[in-house]
Amino acid sequence: MATINDNYLKLPGSYLFAEIARRVAAFKEANPEADIIRLGIGDVTQPLPPACIEAMHKAVDELANADTFRGYGPEQGYSFLTDAIIEHNYKARGIEIASDEIFISDGSKSDCGNIQEIFGTDNHVAITDPVYPVYLDTNVMAGRTGTLQEDGHFEGVTYLPCDASNDFAPALPKERVDMIYLCCPNNPTGTTLSRAELKKWVDYARENESVILFDAAYAAYITEDDVPRSIYEIEGAKDVAIEFRSFSKTAGFTGTRCGYTIIPKTVKGHAADGTLVEFNKLWNRRHTTKFNGTAYIVQRGAAAIYTEEGQKQVKETIAYYMENARIIREGLQAAGIKAYGGVNAPYIWLKTPENMPSWDFFDKLLTEVHIVGTPGAGFGPCGEGYFRLTAFGNRENTVRAVERIKKQLHI
Ligand code: MLT
């Protein structure tokens, strides 16, 4: 009989957002008339920018004609998109990225999850706690951890606690680690790392020959100057960091799927015989073997965000969500609830009233005021006593949700 990958059995039964969807569906079935407002999963609600729609329509028409039809594209992405990304997101900030250091994909969740395949299974992983579950779960699946302990931590992983006591900025690990996952602006806490904080991590990685896996999916939401938009703004980062970016939250591509990963050729790891190997080469090998490229139509849509009108439209939508973030943050504060984030990120991380366990607060919010959020404990033990609300709802629902919390929630 075939055997299974036993590492999967180490994981809790379901993925966080699947568990939330299950609980909400059960509540809805028992209370069909409940007017539920969903501020749980970070899924966008506003339509794609008109510039993207126009470009996608045009691309559809091209595919309808034998002369302009396209089948398989380059696995790494079309140059009309990679060039635009390099120009706008990197060159404009003084960062040199070569065209063979960028890989277009079907979203940064896939890339963040798949990247660990090109690292040895004996690598020691460090993650923040709380953390976007994809980084941890995929390393569990790959066998890079032991089992789940009673304290909610997996054996063999270095956890970097982040809470209000350290301003959600993780301290450097005491032991040497190989792979370090950092997400900035952070999901779930909505907080950021300053240039100086990030520099500490780059220096650590250089000294310890570690690699930083830097998830910058929310970079477009940064409003403050001192927060780097890319890790490559930090000197030396190109030797030690891989960066993930996404069109999902930047331009509403959660459904259409498009993201990219930057792997500078200067980021290297040791082979078993001690030779130095570029991670870029391994990712290219993996990408070309396992992926046939993001849809042409989607890439045309993504490239349109770099046109003048595309930039304007994207900025307007981001401003819309950030106004939601302000409404939630200030509304919570008015209700006497301590709230973090929401200034450089579309997530608000709140302290549960009276330190209520976060799944209890989830149930309370759902049953009393019919609002769905995400329990902090779902992101790791240090998320216990915290709760996440997203600013990706529409304005009307966001305002209604805040009013319900202020007026109807019995704290
Ligand atoms: C979230 O809610 O944390 C995000 O939607 C997750 C994701 O982007 O995959």
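Condition check for ARG395 on (1) more than 29 Å from SER165 (Cβ to Cβ); (2) within 12 Å of the ligand (Cβ to nearest atom); (3) of a type in the set (D, E, K, R): one failure, at (2).
Close contacts from region 112-135, counting a first residue that is charged (D, E, K, R) and a second that is in a helix (DSSP H, G or I) and open to solvent by 10 Å² or more (accessible area, probe 1.4 Å), with Cβ to Cβ under 7 Å and a gap of 6+ residues or different chains, come to GLU117/ARG286; ASP129/PRO381; ASP129/CYS382.
Within region 209-242, count every residue that is outside any helix (DSSP H, G or I), within 16 Å of the ligand (Cβ to nearest atom) and farther than 20 Å from GLU101 by Cα.
Taking region 209-242 and keeping what is outside any helix (DSSP H, G or I), we get 209-218, 222-230, 234-236, 240-242.
Imposing the further condition that a residue be within 16 Å of the ligand (Cβ to nearest atom) reduces the set to 213-218.
Of the ones still in play, those that are also farther than 20 Å from GLU101 by Cα are 218.
Summing the residues that are outside any helix (DSSP H, G or I), within 16 Å of the ligand (Cβ to nearest atom) and farther than 20 Å from GLU101 by Cα in region 209-242 gives 1.
So the check is Cβ under 7 Å with 6+ separation or different chains; which pairs have a first residue in region 29-40 that's touching a residue at least 60 places away in the same chain (Cβ under 8 Å) and a second one that's of a type in the set (D, E, K, R) and in a helix (DSSP H, G or I)? Correct list of pairs: ALA34/LYS28; ILE36/LYS28; ILE37/ARG400. Taking the criterion of being within 16 Å of the ligand (Cβ to nearest atom) and under 21 Å from the mean Cα position of the chain (by Cα), the residues of region 22-60 that qualify are ARG38, LEU39, GLY40, ILE41, GLY42, ASP43, VAL44, THR45, GLN46. Considering region 245-283, the residues that are under 20 Å from the mean Cα position of the chain (by Cα) and farther than 22 Å from SER230 by Cβ include one that is farthest from the ligand (Cβ to nearest atom), namely THR256.
Cβ-Cβ contacts under 7 Å between residues 6 or more apart (or on different chains), taken from a first residue in region 375-401 that is among the charged types (D, E, K, R) to a second residue that is open to solvent by less than 10 Å² (accessible area, probe 1.4 Å) and in a loop (DSSP other than H, G, I, E, B), are listed as ARG388/PRO188; ARG388/GLY373. Evaluate the following for GLY13: is it assigned to a loop (DSSP other than H, G, I, E, B) and either open to solvent by less than 70 Å² (accessible area, probe 1.4 Å) or within 16 Å of the ligand (Cβ to nearest atom) (or both)? So GLY13 fails the test.
Taking the condition of being open to solvent by less than 10 Å² (accessible area, probe 1.4 Å), within 16 Å of the ligand (Cβ to nearest atom) and small (Gly, Ala, Ser), how many residues in region 366-388 meet it? First the steps, then the outcome.
Of region 366-388, the ones open to solvent by less than 10 Å² (accessible area, probe 1.4 Å) are 366, 369, 371-376, 379, 383, 385, 387-388.
Keeping just the survivors that are within 16 Å of the ligand (Cβ to nearest atom) gives 371-376, 379, 383, 387-388.
Next cut, small (Gly, Ala, Ser) only: 373, 376, 383.
So the count comes out to 3.
Checked against the criterion of being surrounded by fewer than 18 Cβ atoms within 10 Å (Cβ to Cβ), touching a Lys or Arg at 6+ places or on another chain (Cβ under 9 Å), touching a residue at least 12 places away in the same chain (Cβ under 8 Å) and hydrophobic (A, V, I, L, M, F, W, C), the candidates ALA98, ALA59, ALA51 yield just one match: ALA98. Taken over region 281-328, the criterion of being polar (S, T, N, Q) and touching a strand residue (DSSP E or B) at 6+ places or on another chain (Cβ under 9 Å) is satisfied by ASN284, THR294, GLN299, ASN324.
Looking only at region 392-403, which residues are open to solvent by 30 Å² or more (accessible area, probe 1.4 Å) and not β-branched (Val, Ile, Thr)?
Within region 392-403, the first condition is being open to solvent by 30 Å² or more (accessible area, probe 1.4 Å), and the residues that meet it are 394-397, 399-400, 403.
Listed by number, the residues that qualify are ASN394, ARG395, GLU396, ASN397, ARG400, GLU403.
Within region 1-25, residues that are more than 20 Å from VAL134 (Cα to Cα) and touching a residue at least 12 places away in the same chain (Cβ under 8 Å) have Cβ atoms under 6 Å from residues that are open to solvent by less than 90 Å² (accessible area, probe 1.4 Å) and not basic (Lys, Arg) in these pairs: VAL24/VAL372, counting only partners at least 6 apart in sequence or on another chain. Of the conditions (1) under 14 Å from the mean Cα position of the chain (by Cα); (2) surrounded by fewer than 22 Cβ atoms within 10 Å (Cβ to Cβ), GLU224 clears all except one; give me its number. Single failed check for GLU224: (1).
Need at least 1 residues that are open to solvent by 60 Å² or more (accessible area, probe 1.4 Å) per element, so show me which helices (runs of 4 or more DSSP H) inside region 243-360 make the cut, counting only ones lying wholly within it. Don't jump to the end; show me each part of the working.
Numbers: elements: 248-251, 279-290, 296-303, 308-334.
Answer list for region 243-360: 279-290, 296-303, 308-334.
Cβ-Cβ distances below 7 Å connect the following pairs, each with a first residue in region 343-362 that is farther than 25 Å from CYS184 by Cα, a second residue that is of a type in the set (S, T, N, Q), and a separation of six or more residues or different chains: PHE361/THR352.
Note on region 252-300: residues that are touching a Lys or Arg at 6+ places or on another chain (Cβ under 7 Å), of a type in the set (A, V, I, L, M) and farther than 30 Å from SER210 by Cβ total 1.
May I ask you to list the residues in region 109-127 that are open to solvent by less than 10 Å² (accessible area, probe 1.4 Å) and within 16 Å of the ligand (Cβ to nearest atom)? Talk me through it step by step, then tell me what you get.
Of region 109-127, the ones open to solvent by less than 10 Å² (accessible area, probe 1.4 Å) are 111-113, 115, 125-127.
If the condition is that a residue be open to solvent by less than 10 Å² (accessible area, probe 1.4 Å) and within 16 Å of the ligand (Cβ to nearest atom), then ASP111, CYS112, GLY113, ILE115, ILE127 are the ones that fit.
The values are calculated or read from the model by the stated rules, or taken from the named source; none is laboratory data. Remember, it's a predicted structure, so these values are computed and weren't measured experimentally. Virtual Cβ from ideal backbone geometry, glycine too; neighbours counted across all protein chains shown. When the accessible area is computed, the model is the full protein with side chains, heavy atoms only, and any ligands, DNA or RNA have been set aside. Shrake-Rupley method; radii C 1.70, N 1.55, O 1.52, S 1.80 Å.
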